Amino acid sequence: MKLERVELRRIDLPLRTPFRTSLGLELRRDILLLRAETADGVGWGECVALPEPGYSEEYLDGASAVIRRFLLPAVAALGDFTPATAAAAMAAVPGHPMAKATVEMALLDAWLRTRETSLADHLGGVRASVDCGVSVGIAESVGALLAEVEGYVEQGYRRVKLKIEPGWDVEPVRAIRERFPDVALQADANAAYTPADARRLAELDAFELVMLEQPLGSGDGGLRDHAALARMVRTPICLDESITSARAAVEAIALGACSVVNIKAGRVGGYLEARRIHDVCAAHSVPVWCGGMLETGLGQAANLALAALPGFTLPADIAPTERYFDGDVTEAVVMDAEGRIVVPTGAGLGVEVVDEAVEAVTTGVEVVVPESW
Ligand code: NPQ
Ligand code: MG
């Protein structure tokens with residue numbers, strides 16, 4: 001395939017309810033979408049970078065600049081390429097996995113459409129639908145949290161994940177466990193703790209959590225720190241931010257830093273690397289699940305394809321449109337009463353962008369053409 005023209009489109013989607021985490025309070029989603037026109041046809045990508053660094057080093061304006069200045073030129077220089085060779089060319093640029101994943105996603109969509117193949121089939125999906133869990137931000141009070149979670153349990157979500165941070169951990173987890181004794185419950189700290197908090201984190205052992213996600217930092221020494229913590233708590237440790245590649249996953253497993261892995265394509269540079277992480281985890285019998293970044297219907301569609309792979313045995317952070325937004329850039333993503341969302345079967349991502357819907361939320365469009373790469 002050949003690159004002909006690219007649109008970098010910024011959209012603004014208000015969140016229906018604030019999503020507060022140790023990373024800050026999110027009220028709106030400022031999102032970058034990428035529309036790639038190729039000789040084979042059009043494809044869409046979604047960038048999961050947040051407006052500010054926090055979850056990781058990446059941020060939206062930075063990702064947009066890297067795409068325009070370095071990634072698109074690297075891909076265009078190949079002349080004729082496939083998504084896999086494009087990903088290999090982008091790998092020459094260090095870092096910026098969310099920016100790379102955005103470009104790769106759009107190229108996969110375009111390339112698979114002309115080949116009449118769905119992303120799920122291309123990646124090796126075996127599931128027609130995906131079990132969904134809900135990720136719940138830090139609430140105003142334990143009472144407010146109980147009310148919020150009650151609604152999600154009624155809607156059928158198959159697992160509840162609570163965001164925790166120092167000062168908001170044992171109390172909310174205990175309250176939810178007492179009120180919902182049988183719910184599959186887990187906690188995500190987004191790296192808010194240090195090794196000195198091990199004893200506090202061990203108090204969570206009392207609540208039968210399915211896992212504790214990324215309690216400690218992902219920087220230097222992070223895998224060793226998690227391995228040490230894993231020996232001090234009974235709750236299984238899951239890593240998110242720390243797993244930046246298939247190589248990192250192998251390292252984490254070998255060190256005993258985690259017994260579960262959260263896979264997000266954006267965090268690891270794309271869906272092809274995400275599949276390789278799935279493969280190495282499966283080879284080590286480590287269960288994986290598909291993480292989320294509050295994506296639109298485009299990102300949710302791609303995540304559904306990934307979560308259809310056989311090793312994704314735990315509920316995903318894949319949400320129906322109504323969980324986050326009043327409207328979407330695609331047809332609304334819907335979850336059934338049993339907490340399942342159907343994996344798209346159409347070619348490429350298998351969902352269509354609704355032009356009027358995306359136009360209505362667009363805040364800016366940057367066009368990149370061959371003369372500029
Ligand atoms: C996680 N996501 O698993 C992330 C992190 C995260 C669904 O819990 C705005 C948009 C704020 C995306 C905060 C979920 C966010 C965000 C945290 C994603 O760690
Ligand atoms: Mg996480």
For this session: Scan region 105-113 and give yes if some residue there is open to solvent by 10 Å² or more (accessible area, probe 1.4 Å) and within 30 Å of residue 39 (Cα to Cα), otherwise no.
Result: yes
For this session: Name, by its number, the condition in (1) in a loop (DSSP other than H, G, I, E, B); (2) closer than 21 Å to residue 289 by Cα; (3) more than 14 Å from ligand 1 (Cβ to nearest atom) that does not hold for residue 217.
Result: (3)
For this session: Only residues in region 347-367 that are without any contact (Cβ under 8 Å) to a residue 60 or more places away in the chain and over 11 Å from residue 328 (Cβ atoms) count as the first member; pair them with residues that are exposed (fewer than 15 other Cβ atoms within 10 Å of the Cβ) and acidic (Asp, Glu), Cβ under 9 angstrom, at least 6 apart or cross-chain, and list the lot.
Result: 352/331
Problem set entry | Given (1) open to solvent by less than 30 Å² (accessible area, probe 1.4 Å); (2) within 15 Å of ligand 1 (Cβ to nearest atom), number of the condition residue 210 does not satisfy | (1)
Seminar exercise, completed: Restricted to region 82-126 and to residues being among the small types (Gly, Ala, Ser) and in a loop (DSSP other than H, G, I, E, B), the residue nearest to residue 305 (Cα to Cα) is 125
Exercise. Looking at region 273-292, which of its residues are aliphatic (A, V, I, L, M) and either open to solvent by 10 Å² or more (accessible area, probe 1.4 Å) or modelled with pLDDT under 95 (or both)?
Worked result: 280, 282, 283, 286
Problem set entry | Counted residues, region 220-257 - those being touching a Pro at 6+ places or on another chain (Cβ under 8 Å) and within 16 Å of ligand 1 (Cβ to nearest atom) | 3
For this session: Return the only residue of 218, 242 being open to solvent by 50 Å² or more (accessible area, probe 1.4 Å) and within 16 Å of ligand 2 (Cβ to nearest atom).
Result: 218
Problem set entry | Scope region 318-373; condition open to solvent by less than 30 Å² (accessible area, probe 1.4 Å) and among the polar types (S, T, N, Q); matching residues | 321, 330
Problem set entry | Sole exception among (1) open to solvent by less than 10 Å² (accessible area, probe 1.4 Å); (2) part of a loop (DSSP other than H, G, I, E, B); (3) under 22 Å from residue 18 (Cα atoms) for residue 298, by number | (2)
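The values are calculated or read from the model by the stated rules, or taken from the named source; none is laboratory data. These figures come from a predicted structure and were not determined experimentally. Cβ atoms come from the backbone with ideal geometry, glycine included; neighbour counts cover every protein chain shown. Keep in mind that these areas ignore ligands, DNA and RNA; they rest on the heavy atoms of the full protein, side chains included. Shrake-Rupley method; radii C 1.70, N 1.55, O 1.52, S 1.80 Å.
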